[in-house]
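**Q** Before we start, here is the structure in question, set down as structure tokens.
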Amino acid sequence: MPHTYDSRIYFAGLLLFIFDSRSDFHYFGTFKRPYNKFSILETAGSNDSNLSKVRILAAEDNSVNRFVLVKMLKKWNIEPTIVSDGALALEAFEQHDYDIIFLDLQMPIMDGLEASRKMREKNQDVPIIALTAAVLQENRNEASAAGMNDFIEKPFQSEDLREIILKYVPVL
């Protein structure tokens with residue numbers, strides 16, 4: 001009798017072999033609907049033309065996440081400032097005015113919590129949103145204590161990002 005195997009188990013084992021602990025592979029979770037490589041980037045509505053005026057700073061250390069975030073924002077003609085760590089975010093924050101700031105919680109050099117604390121010393125008004133895969137109440141409490149206004153859970157859809165922007169930024 002020929003040997004049979006579950007292709008899902010084989011694929012998972014293959015991924016573990018290819019992407020061992022020394023690699024920079026990141027898993028974003030399960031897909032809730034059939035995968036369409038363009039669906040994550042499409043959602044600009046007809047009333048989003050004023051979003052182009054929103055000044056956004058985002059700090060995200062993962063290059064794939066940065067790419068997706070930029071693609072989502074560019075659908076609304078937003079040209080964000082994107083940096084790869086909290087120290088660079090703090091530097092950009094000190095040099096420019098932003099309407100909203102998105103900070104990944106876990107980054108090298110300076111994490112999002114420390115960057116938020118330092119930003120709050122200089123400006124109490126600008127909305128700071130945590131970008132996080134960690135959704136435990138403890139993480140939410142830490143983000144709030146660091147001066148963050150809200151959080152958006154990764155992976156997120158462009159609709160989630162748009163809702164957060166509209167919630168905190170008055171768009172004309």
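The values are calculated or read from the model by the stated rules, or taken from the named source; none is laboratory data. As the structure is a computational prediction, the values presented were derived from the model and not from experiment. Here Cβ is always computed from backbone atoms with ideal geometry, including for glycine, and neighbour counts include all displayed protein chains.
**Q** Considering only residues that are surrounded by fewer than 18 Cβ atoms within 10 Å (Cβ to Cβ), outside any helix (DSSP H, G or I) and among the aliphatic types (A, V, I, L, M), which ones fall in the stretch 79-109?
**A** I109
**Q** Considering only residues that are part of a loop (DSSP other than H, G, I, E, B), touching a Phe, Trp or Tyr at 6+ places or on another chain (Cβ under 9 Å) and more than 20 Å from K118 (Cα to Cα), which ones fall in the stretch 135-172? Steps first, please.
**A** Going through the stretch 135-172, the residues part of a loop (DSSP other than H, G, I, E, B) turn out to be 135-136, 146-149, 154-157, 169-172.
Restricting the remaining residues to those that are touching a Phe, Trp or Tyr at 6+ places or on another chain (Cβ under 9 Å) gives 135, 149, 154-155.
Hits for the stretch 135-172 are V135, K154, P155.
**Q** Of everything in the stretch 126-172, what is under 13 Å from L103 (Cβ atoms), within 16 Å of the chain's Cα centre (by Cα) and modelled with pLDDT of 90 or more? Give them in sequence order.
**A** P127, I128, I129, A130, L131, A143, M148, N149, D150, F151, I152, I164
**Q** State all residues of the stretch 110-125 that are among the hydrophobic types (A, V, I, L, M, F, W, C) and not in a loop (DSSP other than H, G, I, E, B); if no residue qualifies, say none. Outline the logic, then answer.
**A** At the first step, the residues of the stretch 110-125 found to be among the hydrophobic types (A, V, I, L, M, F, W, C) are 110, 113, 115, 119.
Scanning the stretch 110-125 gives L113, A115, M119.
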